[in-house]
Amino acid sequence: MPTITYREAVSRALREALREDERMYILGEDVGAYGGAYAVTRGFLQEFGPRRIMEAPISESAIVGTGTGSALGGLHPVIEIMTINFSLLAMDQIVNHAAKIRYMSGGQFSVPLILRTVTGGGAQLGATHSQSFEGWFASVPGLKVVVPATPYDALGLFRAVRQERDPVVFVEHILLYSTRGEVPEEPYVVPLGVADIKRPGDQFTIVAYSRMVLVALAAAEELAKRGINAEVVDLRCLRPLDIETVLQSVQRTGRALVVEEAWKTGGFGAEIASQIQERAFDSLDAPVLRVAGADVPMPYSRELERAAIPGPAAVVQAVETALGK
Amino acid sequence: MKPAAQALDKRSLVDFYRQMRLLRIFEERAAEQYMRGRVRGFLHLYIGEEAIAAGAISTLEPQDYIATHYRDHGHALARGLDPKVVMAELFGKVTGCSKGMGGSMHLFDASRNFMGGYAIVGGQLPLAVGLGLAASYLKENRVVLCILGDGALNEGEFHESMNLAAIWRLPVVFLCENNLYGMGSPVKEVFAAADEIYRIVEPYHIPSSQVDGMDVLAVREAMEGVVGRVRDGGGPYFLEALTYRFRGHSMADPSEYRSKEEEAFWQKRDPVAKHRQFLLANGIASEAELETIGQGVEEQVEEAIRFAEESPDPAPEALYENLYANP
């Protein structure tokens, strides 16, 4: 099976969508001649022209609102918010408008808005450019939140997102763009709300999403060398959330750890941990653990940034401590 | 007589009176229902501003879009929403125009391209830009009427939206209802160019003008020109309608920040009384005719209240309905 990068997977997903859906257009900052801040839309302007690939001024709120309005008017917008940090400038349009119009109108209107954005730290971009807000969006009824970790999932999930009639926040990770993975040429779709066991195991459940799936897998490899067989569950979507797959895993292993890059306080990992204890308490041999980003603004220093983002060593240590090793 | 008046037949001129009376009586009765506890939440009355909705919306075609703010009852009624479904929405009933899920500030009607009342100041502006973009992208003959208040001028979204509408030359009419107050703050204290707010769009090269928002025929005449120009591909336009709300910001506001003299000044320019005087003075309608119209409107609103009272609440299952097309 051919391998492609995560960037190529997202790019392919967008290109095929634009070719098949005349009502789809892309709007965002530097998506045109520049090719996208992370080069996802490179060459798109040449292929699809300025009607379909629309350059936007630095006006996040109006960009999202325009997308929402155009969706109400019958288009299928793909709005690119350059990084999730800038989504804060558009929070009103996302949370107060896009997410609520179907419900508030009694179901009269649909907002098929795809909001692509880039999450995460690890590129030494400092406190304002290294955040992970996808968990915030996941707490908003009316939104769907998709967080692919691999090229296969990025392409397959985007194909599912295209079928949605509601706003979806499609969250790519800054450090995943150059990672590679197998992607078949044949068409396939990864449905929303279906978690994936990326590595089977029977002694410990590690729950993760986006880049932390790779961290969890690296940790599981290390744990295997030390005689601990961990299972890695990739959520793939935060909303709709496939908690059943997580619970079934915990019922097999009796132990769970959630690893996430966002701040620990009020993070989405707390939601997962809470649902596990609510619904699988009797299966648990120990408290549900969390390994999360340090509760600080992201430092610029290379060493301190590394200390602030969960890595395999932190996961390995947490698992071993829990097992009394 | 204004050209707009000359161009209109008796029926249309009298219909403006009927419509403005309806908007007025609807709001007065809604206020009573609020005092009786049947309408809850925020209730922002449109009393005093009726000439704008009646005059402006009369110039639209059925395929045109309206996106507006939270003082939206008058706009909905002028667009032809049945007073019954608007009143039922205020009552939170399942027969309401938003099935009881939106309330006073969030009226919607897809069948009339009434794209919603939006209750976060300025929020409807980029939505209107997007509607204009869709019409333009799909090469549809549609104009977007985006109604905003003077308070929205100070939102960043206002400027973002003007810029986008201008660079893409979208078919959007921005109609600013300047009622001189953003809640309790006088526009002249919170806005740097309060004397000529319509000029705020000049740096974006958007043409603009001001109209007397207390005169339905003046609004009609101005909007006819504006809508025609925008429909013909002239790009966006900004029209400021000077007006005054005769009541507080909402039912929760006793309006103590305005002087009696100022209120009296504007009361003398009551748009409903003014148009009534116009019809009588020009022999277009008789006292008796207008009295009959007034009674008819009263009955229509009473019927709307009965309808709202007798309608059922949404079923408990509605709590989780219409959240997603595909949950």
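The values are calculated or read from the model by the stated rules, or taken from the named source; none is laboratory data. All figures in this text were calculated on a predicted structure; none of them were measured in a lab. We place every Cβ from the backbone using ideal geometry, glycine too, and count neighbours over all the protein chains shown. Note: accessible area is taken over every heavy atom of the protein model, side chains too, but ligands, DNA and RNA are not part of it. Shrake-Rupley method; radii C 1.70, N 1.55, O 1.52, S 1.80 Å.
Listed here are the strands (runs of 3 or more DSSP E) enclosed by region A:220-279 that have at least 3 residues being more than 14 Å from the chain's Cα centre (by Cα): A:230-234, A:256-263.
Please verify whether A:ILE53 is within 14 Å of chain B (Cβ to nearest Cβ) and under 18 Å from B:LYS139 (Cα atoms), treating the condition exactly as stated.
Details: within 14 Å of chain B (Cβ to nearest Cβ): yes; under 18 Å from B:LYS139 (Cα atoms): yes.
Spelling it out, A:ILE53 is indeed within 14 Å of chain B (Cβ to nearest Cβ) and under 18 Å from B:LYS139 (Cα atoms).
Among the residues of region A:67-106, write down those that are over 19 Å from A:ASP21 (Cα atoms) and among the hydroxyl-bearing types (Ser, Thr, Tyr). Across region A:67-106, the qualifying residues are A:THR83, A:SER87, A:TYR103, A:SER105. Among the candidates A:LEU18, A:LEU27, A:LEU89, the residue that is part of a strand (DSSP E or B), within 14 Å of chain B (Cβ to nearest Cβ) and of a type in the set (A, V, I, L, M, F, W, C) is uniquely A:LEU27. Scan (1) more than 20 Å from A:ALA9 (Cα to Cα); (2) under 14 Å from the mean Cα position of the chain (by Cα); (3) surrounded by fewer than 24 Cβ atoms within 10 Å (Cβ to Cβ) for the single condition A:ALA195 breaks and write down its number. All conditions are met except number (1). The residues of region B:265-286 that are assigned to a helix (DSSP H, G or I) and closer than 15 Å to B:LEU217 by Cβ, listed by number, are B:PRO271, B:VAL272, B:ALA273, B:LYS274, B:HIS275, B:ARG276, B:GLN277, B:PHE278, B:LEU279, B:LEU280, B:ALA281.
Could you list, in sequence order, all residues of region B:269-281 that are touching a helix residue (DSSP H, G or I) at 6+ places or on another chain (Cβ under 8 Å) and not charged (D, E, K, R)? Correct list: B:PRO271, B:VAL272, B:HIS275, B:PHE278, B:LEU279, B:LEU280.
A:ASN96 falls short on exactly one of the conditions (1) at the interface with chain B (Cβ under 7 Å from one of its Cβ atoms); (2) buried (at least 19 other Cβ atoms within 10 Å of the Cβ); (3) in a helix (DSSP H, G or I), and that condition is (2).
Results for (1) away from every other protein chain (no Cβ under 14 Å); (2) closer than 25 Å to B:TYR34 by Cβ; (3) touching a Lys or Arg at 6+ places or on another chain (Cβ under 7 Å), shown as yes or no for each residue.
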| residue | (1), (2), (3) |
| --- | --- |
| B:GLU261 | yes, no, no |
| B:ALA273 | yes, yes, no |
| B:ALA285 | yes, no, no |
| B:ALA288 | yes, no, no |
| B:ILE293 | yes, no, yes |
| B:GLY296 | yes, yes, no |
| B:ALA308 | yes, yes, yes |
| B:PRO314 | no, yes, yes |
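If the condition is being buried (at least 17 other Cβ atoms within 10 Å of the Cβ) and of a type in the set (Ser, Thr, Tyr), then region B:244-283 contributes B:TYR244, B:SER250.
For region B:64-85, which positions are within 11 Å of chain A (Cβ to nearest Cβ) and either in a loop (DSSP other than H, G, I, E, B) or farther than 26 Å from B:GLY225 by Cα (or both)? Please lay out each step first, then the result.
In the first step, residues of region B:64-85 are kept if they are within 11 Å of chain A (Cβ to nearest Cβ); the result is B:65, B:67, B:85.
Once the filter is applied, which keeps residues that are within 11 Å of chain A (Cβ to nearest Cβ) and either in a loop (DSSP other than H, G, I, E, B) or farther than 26 Å from B:GLY225 by Cα (or both), region B:64-85 yields only B:VAL85.
Among the conditions (1) under 30 Å from B:ASN322 (Cβ atoms); (2) touching a strand residue (DSSP E or B) at 6+ places or on another chain (Cβ under 8 Å); (3) β-branched (Val, Ile, Thr), A:ILE243 misses just one, which is (2).
Of the residues in region A:2-17, at least one is free of Cβ contacts under 8 Å to residues at least 40 places away in the same chain and small (Gly, Ala, Ser). Checked against (1) outside the structural domain of A:PHE133 (by TED's automatic domain parsing); (2) among the aromatic types (Phe, Trp, Tyr); (3) crowded, with 17+ Cβ neighbours inside 10 Å, A:TYR188 passes all but a single condition, namely (3).
If I filter region A:200-219 for residues that are polar (S, T, N, Q), surrounded by 19 or more Cβ atoms within 10 Å (Cβ to Cβ) and more than 15 Å from the chain's Cα centre (by Cα), do I get at least one hit? There is at least one residue in region A:200-219 that is polar (S, T, N, Q), surrounded by 19 or more Cβ atoms within 10 Å (Cβ to Cβ) and more than 15 Å from the chain's Cα centre (by Cα).
Of A:SER139, A:SER178, all but one fail to be surrounded by fewer than 20 Cβ atoms within 10 Å (Cβ to Cβ) and in contact with a Ser or Thr (Cβ under 6 Å, 6 or more places away or on another chain); the exception is A:SER178.
Per-residue answers, yes or no, for (1) in contact with an Asp or Glu (Cβ under 8 Å, 6 or more places away or on another chain); (2) within 16 Å of B:GLU298 (Cα to Cα):
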| position | (1), (2) |
| --- | --- |
| B:GLN6 | no, no |
| B:ILE25 | yes, yes |
| B:GLU28 | no, yes |
| B:GLY41 | no, no |
| B:ALA51 | yes, no |
| B:LEU60 | no, no |
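Listed by position, the strands (runs of 3 or more DSSP E) enclosed by region A:100-216 include none that has at least 1 residues that are within 14 Å of chain B (Cβ to nearest Cβ), touching a helix residue (DSSP H, G or I) at 6+ places or on another chain (Cβ under 7 Å) and within 30 Å of B:VAL85 (Cα to Cα). For region B:287-308, name all the residues that are open to solvent by 50 Å² or more (accessible area, probe 1.4 Å) and either assigned to a loop (DSSP other than H, G, I, E, B) or under 17 Å from B:VAL86 (Cβ atoms) (or both). Residues satisfying the conditions are B:GLU298, B:GLU299, B:GLN300, B:GLU302, B:GLU303, B:ARG306, B:PHE307. State yes or no: is A:ALA13 of a type in the set (Gly, Ala, Ser), open to solvent by less than 50 Å² (accessible area, probe 1.4 Å) and touching a Phe, Trp or Tyr at 6+ places or on another chain (Cβ under 6 Å)? In short, yes.
If the condition is being open to solvent by 10 Å² or more (accessible area, probe 1.4 Å) and facing chain B (nearest Cβ under 8 Å), then region A:72-86 contributes A:LEU72, A:GLY74.
Any residue at all in region B:309-326 that's part of a helix (DSSP H, G or I), among the aliphatic types (A, V, I, L, M) and more than 19 Å from the chain's Cα centre (by Cα)?
yes
For the residues A:ARG42, A:ARG7, the requirement of being assigned to a loop (DSSP other than H, G, I, E, B), of a type outside the set (Val, Ile, Thr), surrounded by fewer than 24 Cβ atoms within 10 Å (Cβ to Cβ) and modelled with pLDDT of 95 or more singles out A:ARG42.
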